[in-house]
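Novice: Structure below; questions to follow.
The values are calculated or read from the model by the stated rules, or taken from the named source; none is laboratory data. Computed from a predicted model, the values in this text were never measured in an experiment. Don't worry about glycine lacking a Cβ; one is built from the backbone with ideal geometry, like all the others, and counts go over all protein chains shown. Just so you know, the surface numbers come from the protein's heavy atoms only, side chains and all, with ligands and any DNA or RNA stripped out. Shrake-Rupley method; radii C 1.70, N 1.55, O 1.52, S 1.80 Å.
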Amino acid sequence: MKKAKSYLFGGTTIAPGERTTVELPMAKLYTSSEMSLPVQVVHGRTEGPIMFVSAAVHGDEINGVEIIRRLLNSRSLRSLRGTLLAVPVVNPFGFIQRSRYLPDRRDLNRSFPGVSRGSLAGRVAHLFMNEIAGRSNYGIDLHTGSNFRTNLPQIRASLDDSATIELASAFGAPIVVPSELREGSLREAVAAQGTPVLVYEGGEALYFNESAIRVGLRGVLRVMRYVGMLPRNRRVKVREPIITDRTSWVRAGMSGIFTRRVNPGDMVKKRTKLGVLSDPLGDAQESVSAPFTGIVIGQLTLPLVHEGDALIHLARVPDPEEAEEAMDEYTSSLTDEDFGMER
Ligand SMILES: [Zn+2]
């Protein structure tokens, strides 16, 4: 193994085996306060890949912020090869406001790759691409459900690229949702430069979800082992993820209050009752049933709905029996003692 050289990032030199927080200057606040994008650079003693891990591109999605905080505290990083660029809050403006968006009401995840003289969102995107994604060999972007919706831990990835499929499997989330690259997303911009990138979704905006945090942290460490940034752990066997071939939101047929009968991770058969919609007096009622056999991968947490609102996100799986087994294994792995050791 080759000894690493010093690493230059944002005008700061980081010696092998050291870590530093570098503040990349951003647009000032209109109070004239300085604003910056904090990046913790963890530089290994030996040469290896460069990987970014980012969170809070949507400023209210805080599970990823906690995943990165735990990652940076992890003892595993002592044996790091290569360089980790940890960016816990990509959208500090939204994070302060507890908002998904930027102050200009733009969605940062529709503003990539951005331009240096573009909108505020475009400038933040450009800074991220230039200083962080542009110098990385791999990337993981951490998200949660939005708008009172929670997600079962899942990886969103484009399955056209074999390197990305391998990373998605290595991550070990219970389910992989193949998804088209969305225009303007960080994932699209990073994939366009030829860098394999994963999007992890788990839990709900503005809340900590312990299992989503644990699965996310474990997944990031597993990917780091897989790409050679951390030593392999032979005792850990990663099951092949379930790859869904179709997902669909089950929507409300009437406005009212939704009483849910299922939870994320549940396997449901076609026509299973997912819940009941009723008016507050209980006069009008309508049951909501599964249009196909699948796994609940997302759900509404706020029970107040209008006709047409998305209630339950269902993923069809190629082999329901195998999927059920995989989900059982996933659930038991959350309490496994090995979990602590992987930290
Ligand atoms: Zn998001």
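Novice: Being within 30 Å of V227 (Cα to Cα) and crowded, with 23+ Cβ neighbours inside 10 Å narrows it down to one of L84, L72, so name that one.
Specialist: L84
Novice: Could you identify the single residue in E210, E180 that is more than 15 Å from the ligand (Cβ to nearest atom), in contact with a Leu (Cβ under 9 Å, 6 or more places away or on another chain) and of a type in the set (D, E, K, R)?
Specialist: E210
Novice: Among the residues of region 114-144, count how many are more than 15 Å from the ligand (Cβ to nearest atom) and over 18 Å from A157 (Cα atoms).
Specialist: Number satisfying all stated conditions: 17.
Novice: Give the number of residues within region 88-98 that are in a loop (DSSP other than H, G, I, E, B) and away from the ligand (no atom under 12 Å from the Cβ).
Specialist: Looking only at that region, the number is 3.
Novice: Can you find, within region 179-188, the residue that is farthest from N233 (Cα to Cα) among those that are under 14 Å from the mean Cα position of the chain (by Cα) and touching a residue at least 60 places away in the same chain (Cβ under 8 Å)?
Specialist: The qualifying residue farthest from N233 (Cα to Cα) is S185.
Novice: So S136 passes all but one of these: (1) touching a helix residue (DSSP H, G or I) at 6+ places or on another chain (Cβ under 7 Å); (2) among the polar types (S, T, N, Q); (3) under 19 Å from V87 (Cα atoms). Which condition number does it fail?
Specialist: For S136, the failing item is (1).
Novice: Scan region 274-288 and give yes if some residue there is surrounded by fewer than 20 Cβ atoms within 10 Å (Cβ to Cβ), within 24 Å of R156 (Cα to Cα) and touching a strand residue (DSSP E or B) at 6+ places or on another chain (Cβ under 7 Å), otherwise no.
Specialist: The answer is no; no qualifying residue exists.
Novice: How about region 212-244: which of its residues are charged (D, E, K, R) and either within 24 Å of T195 (Cα to Cα) or touching an Asp or Glu at 6+ places or on another chain (Cβ under 9 Å) (or both)?
Specialist: R218, R222, R225, R232, R235, R239, E240
Novice: Can you say whether P103 is open to solvent by less than 40 Å² (accessible area, probe 1.4 Å), more than 16 Å from the ligand (Cβ to nearest atom) and not in a helix (DSSP H, G or I), as far as the supplied structure shows?
Specialist: Here the answer is no, as P103 does not meet what is asked.
Novice: Hey, any hits in region 302-317 for a residue that's aliphatic (A, V, I, L, M), in contact (Cβ under 8 Å) with a residue 40 or more places away in the chain, buried (at least 17 other Cβ atoms within 10 Å of the Cβ) and more than 20 Å from I175 (Cβ to Cβ)? Lay out the reasoning, then the answer.
Specialist: Kept after step one, since they are aliphatic (A, V, I, L, M), are these residues of region 302-317: 302, 304-305, 310-312, 314-315, 317.
Going one step further and asking which of them are in contact (Cβ under 8 Å) with a residue 40 or more places away in the chain, we end up with 302, 304-305, 310-312, 314-315, 317.
Filter once more, so that each one left must be buried (at least 17 other Cβ atoms within 10 Å of the Cβ): 305, 311-312, 314-315, 317.
If we keep only those that are more than 20 Å from I175 (Cβ to Cβ) as well, we get 305.
Checked against the condition, which is being aliphatic (A, V, I, L, M), in contact (Cβ under 8 Å) with a residue 40 or more places away in the chain, buried (at least 17 other Cβ atoms within 10 Å of the Cβ) and more than 20 Å from I175 (Cβ to Cβ), region 302-317 yields at least one hit.
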